[in-house]
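One structure is given below, encoded as structure tokens.
The values are calculated or read from the model by the stated rules, or taken from the named source; none is laboratory data. As the structure is a prediction and not an experimental result, all values here were calculated from the model. Cβ placement follows ideal geometry from the backbone for every residue including glycine, while neighbour counts extend to all protein chains displayed.
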Amino acid sequence: MLQQTRVNTVIPYFNRWMERFPDLKSLAEADEQEVLRMWEGLGYYSRARSLHKAARLVMEKYQGIIPHDSRVLECLPGVGPYTAGAIASIGYNERTTALDGNIRRIYARLFDLALPLGTKQAEQALQQLAEENLPSGNVGDYHEALMDLGSLVCVPQRPDCGICPLQRDCLAYRNGTVDTRPVILKKEAIPHYVVTAAVMLRDPDLVLICQRPAKGLLAGLWEFPGGKQEKGESLEVCLEREIMEELGARIEINAEFGVYRHAYTHFRVTLHAFLCTALDEPLAKEAQQLRWVPIASLMDYPMGKIDRQISRKLMEKGGNELS
């Protein structure tokens, strides 16, 4: 959970997760849709799917015991070098490295590393520094101490060097380069997309939702159908085209249902939702499946942030008020 999310954000999700999945067995036996629902709000849903697969693999291959060896841990779904090193060193005190963002920043400042983070050369240098500076014992405590130092003192902006216990040994502090370490490459401008979505009502308490494909962005989650606006299209034409392509159905657009914004890792979206009526029976041409579900049961289906906002608004208003 902490791979892409801040600690304060994670705590309530972690507590809820552990209440529902107190051990590997309960997680391994759970349905993927429930796993995604319990993860909802943390984003990066591939992490939840990998965690689910890893739990099943540990139960099947390792008799429910998480491996102690970092090299074996890296073979589990979703477990990379850092996660494997953190589990092995903190959980089992294996003498292995665990380079997270905080520790990378500390080493870059401590040794005044001028190589840009993210490059092959910088990763090799940081890995070598990490290996050279591993203590002979208490490796887990050492890693946790560095992580805390990076999150509380050696922070990205305006680090508190005055109270840092490593100040005397810090080459960046000595050389006056703390504010320029680590070296960060400029990121390209994040693209912005305009998207439309159809909120199709029936009876009037049923609404149509579609399950996204099993692979790709927000895989396996449920959404209100729609898609990206093309150049020169009006929002209405965009939505009509997308619904025909996705569901093979014509629609009547009745009213606007809000504008929603969200920033993903590599792009931003502004989504325009519309209340619609299906003029043909929709078909699951691109989605895994589609369902007409009671508005009151929308919380049972795992969704991304924007679709959850739409569903909450629907639940607040109710189908009778919108029809």
Hits in the stretch 157-166 - residues which are surrounded by 13 or more Cβ atoms within 10 Å (Cβ to Cβ) and farther than 14 Å from Thr177 by Cα: Cys164, Leu166
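Do we have Thr9 as under 30 Å from Ile306 (Cα atoms), part of a helix (DSSP H, G or I), touching a helix residue (DSSP H, G or I) at 6+ places or on another chain (Cβ under 9 Å) and not acidic (Asp, Glu) here?
no
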Total residues in the stretch 187-208, condition farther than 14 Å from Phe274 by Cα, modelled with pLDDT of 90 or more and either more than 22 Å from the chain's Cα centre (by Cα) or loosely packed, with under 13 Cβ neighbours inside 10 Å (or both): 6
Yes/no for Cys154 being farther than 30 Å from Ser50 by Cα and either at pLDDT below 95 or crowded, with 20+ Cβ neighbours inside 10 Å (or both): yes
Filtered residue count, the stretch 220-231, keeping only those that are closer than 20 Å to Thr270 by Cα, under 21 Å from the mean Cα position of the chain (by Cα) and not in a strand (DSSP E or B): 2
Test: Ser26 is part of a helix (DSSP H, G or I), among the polar types (S, T, N, Q), in contact with a helix residue (DSSP H, G or I) (Cβ under 8 Å, 6 or more places away or on another chain) and loosely packed, with under 13 Cβ neighbours inside 10 Å: yes
For Leu42: the one exception among (1) over 19 Å from Gly64 (Cα atoms); (2) assigned to a helix (DSSP H, G or I): (2)
Helices (runs of 4 or more DSSP H) completely within the stretch 51-166 that count 1 or more residues being hydroxyl-bearing (Ser, Thr, Tyr): 70-73, 81-86, 101-110, 139-152
Pair list, Cβ < 8 Å and 6+ apart or interchain, from the stretch 120-136 residues that are polar (S, T, N, Q) to residues that are not in a helix (DSSP H, G or I): Gln121/Leu115; Gln127/Thr97; Gln127/Leu99; Ser136/Arg95
Contacts under 7 angstrom Cβ, first residue in the stretch 301-312 being surrounded by fewer than 22 Cβ atoms within 10 Å (Cβ to Cβ) and in a loop (DSSP other than H, G, I, E, B), partner at pLDDT 95 or above and of a type in the set (Asp, Glu), 6 or more apart: Gly304/Glu223
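Listed here are the residues, each with its yes/no results for (1) farther than 30 Å from Asn102 by Cα; (2) among the aromatic types (Phe, Trp, Tyr); (3) in a strand (DSSP E or B); (4) without any contact (Cβ under 8 Å) to a residue 60 or more places away in the chain.
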site: Leu185; (1), (2), (3), (4): no, no, no, no
site: Ala197; (1), (2), (3), (4): yes, no, yes, no
site: Leu201; (1), (2), (3), (4): yes, no, yes, no
site: Ile209; (1), (2), (3), (4): yes, no, yes, no
site: Pro213; (1), (2), (3), (4): yes, no, no, no
site: Leu217; (1), (2), (3), (4): no, no, no, yes
Test for Glu286: is it of a type in the set (Asp, Glu) and touching a strand residue (DSSP E or B) at 6+ places or on another chain (Cβ under 6 Å): no
